[in-house]
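Below: the structure, in structure tokens.
The values are calculated or read from the model by the stated rules, or taken from the named source; none is laboratory data. All of these numbers come straight from a predicted model, not from anything done at the bench. In this analysis, Cβ positions are derived from the backbone assuming ideal geometry, glycine residues included, and neighbour counts consider all displayed protein chains.
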Amino acid sequence: MTSRLKSAILRHTDSIKRSNLSGIKDTIRSRVTTANHDNGYGSNEFIHLNFYDDDNYLSIVQCINGGYHITEDMLKFMLDYNDCLQKHIDNLKSCSKKSKSRVKAQSTLSSYHTTRAAQLKTICAPSLEAEYLQARHDAIQNAIDECRTELNRIYSKGSSNSSPKHNRTDYMIDSFEAASSVLLKLSEKIDKLKEQKTKEDAALLQAKILCENLSYTHGVKESKTEKANNSRKKHEQKLKEIENDIARFEDEYEHEKKTYRVEARRIYEKCRVLEEKRLELIGDTLMKFIKAAYSSKNSTQQRTIYEELQSYLKDERDITKDLEFWAQTYGVYDSTTSLSTETNQNDDAHDDDEPSSADTTTSSTKTKSKKNQK
């Protein structure tokens with residue numbers, strides 16, 4: 001094969017490898033991208049609300065508490081994966097065991113010596129594979145156990161019907177409630193005043209209607225008209241007082257709102273640290289999982305099994321030895337017709353055909369002597 005042809009073949013092979021690898025990477029990227037799009041950020045009860053309004057601070061509390069179920073779902077996935085892996089391990093062991101029994105039950109008339117040993121050696125490979133898969137399974141289980149231990153430390157379970165909550169939940173809620181207590185009282189006062197204003201607006205409207213009706217009615221006593229006007233003025237004065245109170249409390253509310261924002265932000269930062277730890281727990285557990293399940297160490301272990309088997313089959317399995325073993329066992333062995341003897345004799349004959357260095361030297365000397373005699 002010319003060097004040019006070899007180069008062309010190598011270039012073609014490399015292009016195929018690069019193409020296949022590129023295709024695999026593109027497939028992985030597309031699946032990850034699709035997964036991200038499919039699992040877009042969905043709606044929830046707090047998504048369009050302002051954190052600092054009303055009791056919307058509960059969003060961070062519920063976020064942290066909900067983290068328990070998020071982590072549990074992740075662990076359930078890992079447990080399901082491990083269950084599948086354990087079944088595969090058990091099947092590999094069963095495969096080796098059954099196949100080994102079948103080989104051992106084979107007639108030694110047809111199953112013997114190095115080929116039989118090679119079969120048994122290969123049949124043991126699934127058991128070896130099961131061993132390193134079991135180590136992978138155990139590493140994943142260890143990651144699951146570590147995560148669950150930490151999860152149970154962070155989250156406490158109440159009654160059987162209640163969901164687990166973070167052990168700092170009560171502290172978080174109490175802190176937010178204390179910070180917003182003044183704001184809440186002011187808000188309640190403003191709401192009550194607005195209710196009173198609504199009633200006074202209605203009462204004032206009725207008083208104005210009465211005064212207007214009396215002004216168009218002939219023969220009405222002056223005292224009655226005066227009483228209606230006094231009632232109207234009284235409602236107007238009351239309404240003005242309510243409006244002034246509302247304005248004053250709203251000013252206080254806006255001032256207190258700024259104070260609350262500062263305090264709520266400080267409490268939120270503490271909650272953020274708790275949430276960060278929760279996310280770290282999930283991230284660290286995922287890293288442990290993929291390291292155990294998909295690291296290059298797994299490929300190395302499988303490669304080792306392959307190389308050991310390949311080496312054994314090349315070096316230890318010998319058809320000639322098998323045939324001679326059978327011949328010796330059943331009394332038909334003849335050293336003169338032995339395949340190994342024939343092989344050795346052929347090698348010796350080949351050596352005899354080739355002139356030795358001494359013969360070559362003698363022949364050369366004789367040729368030179370004849371030339372000198374001439």
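Of the residues ASN167, ASN161, which is surrounded by fewer than 18 Cβ atoms within 10 Å (Cβ to Cβ) and touching a Phe, Trp or Tyr at 6+ places or on another chain (Cβ under 9 Å)? Don't jump to the end; show me each part of the working.
Numbers: ASN161 fails: touching a Phe, Trp or Tyr at 6+ places or on another chain (Cβ under 9 Å).
Testing whether each residue is surrounded by fewer than 18 Cβ atoms within 10 Å (Cβ to Cβ) and touching a Phe, Trp or Tyr at 6+ places or on another chain (Cβ under 9 Å) leaves just ASN167.
Report whether or not ARG248 is of a type in the set (D, E, K, R), at pLDDT 95 or above and not assigned by TED's automatic domain parsing to the domain that holds ASP73.
Yes; evaluated as a whole, the condition is true for this residue.
With the structure loaded, tell me whether THR320 is modelled with pLDDT under 80 and not acidic (Asp, Glu) or whether it fails that test.
Against the criterion (modelled with pLDDT under 80 and not acidic (Asp, Glu)), THR320 does not qualify.
Can you say whether HIS235 is over 60 Å from the mean Cα position of the chain (by Cα) and outside any helix (DSSP H, G or I), as far as the supplied structure shows?
Details: over 60 Å from the mean Cα position of the chain (by Cα): yes; outside any helix (DSSP H, G or I): no.
When the stated conditions are applied, HIS235 does not pass them.
Taking MET78 and the conditions (1) touching a Phe, Trp or Tyr at 6+ places or on another chain (Cβ under 8 Å); (2) under 30 Å from LEU309 (Cα atoms); (3) of a type outside the set (Val, Ile, Thr), which numbered condition does it fall short on, given that it satisfies the others?
Here MET78 meets the rest and fails (2).
With the checklist (1) within 27 Å of the chain's Cα centre (by Cα); (2) surrounded by fewer than 17 Cβ atoms within 10 Å (Cβ to Cβ); (3) part of a helix (DSSP H, G or I) in hand, flag the one item ILE64 doesn't pass.
It fails just one condition, (2).
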